[in-house]
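K.L.:
Below is a structure I'd like to ask you about.
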Amino acid sequence: MSLDQRTTIVSQISAAVACNALAALRLSITEGLNIGLTKEEIQEVISLAKEVQQQPISHVTHMTGQILREGKKKPHEHSAHCGCGGHHA
């Protein structure tokens with residue numbers, strides 16, 4: 001997957017805000033201005049990232065656990081009649 005320069009810089013700004021990484025934020029804002037992002041666009045990206053950052057981490061932890069459990073099947077003993085296809089005849 002290839003992202004255009006604008007999308008990459010917007011992502012870098014968002015990530016820097018989310019991580020409170022001030023040096024990375026300074027660099028990504030400067031790069032954004034250099035490629036033609038307006039101050040208003042940059043401020044909007046920062047505002048959106050700050051909104052997301054305000055969500056309690058417990059929500060993230062709960063949702064992540066839920067998503068990772070969804071695709072998980074419980075292991076079982078394989079037998080000739082279990083029907084799972086995970087054994088050799």
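The values are calculated or read from the model by the stated rules, or taken from the named source; none is laboratory data. The model shown is predicted, which means the values in this text are computed figures rather than measured ones. So basically every Cβ, Gly included, is an ideal-geometry build from the backbone, and we count neighbours across all protein chains shown. Each accessible area value is taken on the protein alone, full model and side chains, heavy atoms only, with ligands, DNA and RNA left out. Shrake-Rupley method; radii C 1.70, N 1.55, O 1.52, S 1.80 Å.
K.L.:
Mind giving me the nanometre distance, one decimal, between the label points for residue 30 and residue 47, set 7 Å out from Cα along Cα→Cβ?
P.N.:
Roughly 2.6 nm, to one decimal.
K.L.:
Could I ask something else about it? For region 5-54, what is the charge dipole size about the Cα centre, in debye to the nearest 20, if Lys and Arg each add +1 at the Cβ and Asp and Glu each add -1 at the Cβ?
P.N.:
Details: 4 positive and 5 negative charges, 26 e Å.
Once rounded to the nearest 20, the dipole reads 120 debye.
K.L.:
Residues of region 2-71: accessible area per residue at 1.4 Å, in Å²?
P.N.:
On a per-residue basis, region 2-71 sits at 75 Å².
K.L.:
Calculate the FRET efficiency for residue 20 and residue 57 from the Cβ-Cβ distance with a Förster distance of 22 Å, rounded to the nearest 0.05.
P.N.:
0.95
K.L.:
So, one more: Please work out the FRET efficiency for the pair residue 7 and residue 68, using the Cβ-Cβ distance as r and a Förster radius of 22 Å; give the result to the nearest 0.05.
P.N.:
Efficiency for this residue pair is about 0.20.
K.L.:
Share of region 5-54's accessible area from carbon and sulfur, percent, 1.4 Å? All intermediate terms of the calculation are to be shown ahead of the outcome.
P.N.:
Numbers: 1910 of 3390 Å².
Of all accessible area on region 5-54, carbon and sulfur atoms account for 56 percent.
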